[in-house]
Ligand code: XIL
């Protein structure tokens, strides 16, 4: 066969498959939304260690940022006063570096999951103000120094303010007083002047909390502290938060001169116990009532529609304020491993994430992406 004929035949044979290859693959969240702000997820130690290939694929295709779901919290990273355990936190950083993702630190000072020894002495007596400040100083200094240059920013203080705007009566508050917040920000900044510093909390839509957080930002700045952004956790439900309150909080924080981040986004699809509110992890209710676990075989069409509409409503807001948003992070990766299956009731089947139990991206993601194209 002459050469020209061979080339012509070969290109004819290739044509259909080339046509298919030219059909554009569906762009992912990080490719499109990633142009506006960081889009991240919280990962557990199992995922950070790459023990699940489907999870690795889902995380790295869809997100450009990761945060530790638990392993950088005080109780894990600082098990004894003179001992730190960097193993899992370091593995998360290795993961982030390997896949070119921005790592975020969560969290330095929080009343939940603190270092177990933090508030008492060897006899079990509550420590003095001076001792607790000293312990806080060493904890923050060592953790921030260890991850210097490796995380973009830290949730310095988590959940210090109640819905009505009062300070939470945490051990930090009771022993040190409200100054524990500014001290935490100062210690973190001294340990790494380049790292960003955040205040993070849930139910940030509530007017009382909103006003107190704005005051906190102003007070911190007046005292010469660095604060870059506020994290609105956003453990959302179908009927909370009120969207207009939520938007007013976004506006208020931007008005106070910080960036806004949505740091723990998910959407609880299950009925809530009547006493329940917010995202306080100390709230736990008995398991076993089938009425409280209605979707063990999958969401109904109606619930699926509500899920899609609700996620779209949140992302419409994120699109609207994109210029002042630094990051949106989902609290988890897939429905199967989301904490919402075990909180506030253990062992239920929840559907709060944008990736399903088989690590497939849910259909609504295509609609979400369209908002940003
Ligand atoms: C949750 C984790 O997802 C769970 O695995 C753990 O058992 C409890 O904490 N607010 C926060 C997060 O700031 O750290 C919490 O994470 C969820 C509520």
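Coordinate-derived values only; no laboratory data. Note that the structure is predicted; figures quoted are calculated from it, not measured. Methodologically, a virtual Cβ is constructed for each residue, glycine included, from the backbone with ideal geometry; neighbour enumeration extends over all protein chains shown.
Relative to the first principal axis of the alpha-carbon coordinates of the chain, what is the inclination of helix 87-98, with its axis defined by its Cα atoms, in degrees from 0 to 90 and to the nearest 10?
40
Using the basic label-point model (7 angstrom from Cα toward the beta carbon), what is the residue 211 to residue 226 distance in nanometres?
3.2
Quick one: work out the % antiparallel among DSSP beta bridges in the chain, nearest 5.
10
How much mean residue ellipticity at 222 nm does the chain get from its helices, if each DSSP H run of length 4 or more adds -39500 (n - 2.57) and you divide by all residues, to the nearest 500 deg cm²/dmol?
My calculation for the chain gives -12000 deg cm²/dmol from helical runs alone.
What ranking of 71, 41 emerges when the number of other C-beta atoms within 10 Å of each C-beta is taken as an exposure proxy, fewest first?
By the 10 Å Cβ count, ascending, the order reads 71, 41.
Starting from the Cα of residue 24, step 7 Å along the direction of its Cβ; do the same at residue 46; then give the gap between the two resulting points in nm.
3.7
I'd like the orientation of helix 53-62 relative to the chain: the angle between its Cα long axis and the longest Cα principal axis, in ° from 0 to 90, rounded to 10.
Helix 53-62 sits roughly 90 degrees off the main axis of the chain.
Please tell me the relative contact order of the chain in percent, rounded to the nearest whole number, where contacts are Cα pairs under 8 Å and at least six residues apart.
17
Is the shape of region 80-211 rounded, prolate or oblate, going by the alpha carbon gyration tensor and its root eigenvalues a ≥ b ≥ c, with a/c under 1.5 for rounded and a/b larger than b/c for prolate?
oblate
Can you give me the C-alpha center-to-center distance between region 79-110 and region 213-277, rounded to a whole angstrom?
24
Is region 110-170 best put as rounded, prolate or oblate by its Cα gyration tensor, with a ≥ b ≥ c the root eigenvalues, rounded for a/c under 1.5, and otherwise prolate when a/b is larger than b/c, oblate when not?
Verdict is oblate for region 110-170.
Send over the Kirkwood Rh of region 225-373, from the inverse of the averaged 1/r over different Cα pairs, rounded to one decimal Å.
Over region 225-373, the inverse of the mean reciprocal pair distance is 16.3 Å.
When a/c reaches 1.5 or more, the comparison of a/b and b/c decides; with that in mind, is region 321-373 rounded, prolate or oblate per its Cα gyration tensor?
Oblate.
On a full-extension model of 0.36 nm per residue, what is the gain between residue 116 and residue 316, subtracting their alpha-carbon distance, rounded to one decimal in nm?
Computed gain between residue 116 and residue 316 is 67.9 nm.
At R0 = 41 Å, how high is the FRET efficiency between residue 100 and residue 125 if r is their beta carbon distance? Nearest 0.05 is fine.
Working from the Cβ atoms, E equals 0.25.
Whole number please: convex hull volume per residue, Cα atoms of region 273-354, in Å³.
Hull volume over Cα atoms, normalised by residue count, gives 122 Å³.
Using bins 10 angstrom wide from zero, how does P(r) for the chain break down, in % of all Cα pairs?
Taking all Cα pairs of the chain, the binned fractions are 5, 23, 31, 24, 9, 4, 2, 1, 0, 0 percent.
List, largest first, the extents of the alpha carbons of region 142-258 along their principal axes, each in whole Å.
Principal extents (largest minus smallest coordinate, Cα): 41, 31, 25 Å.
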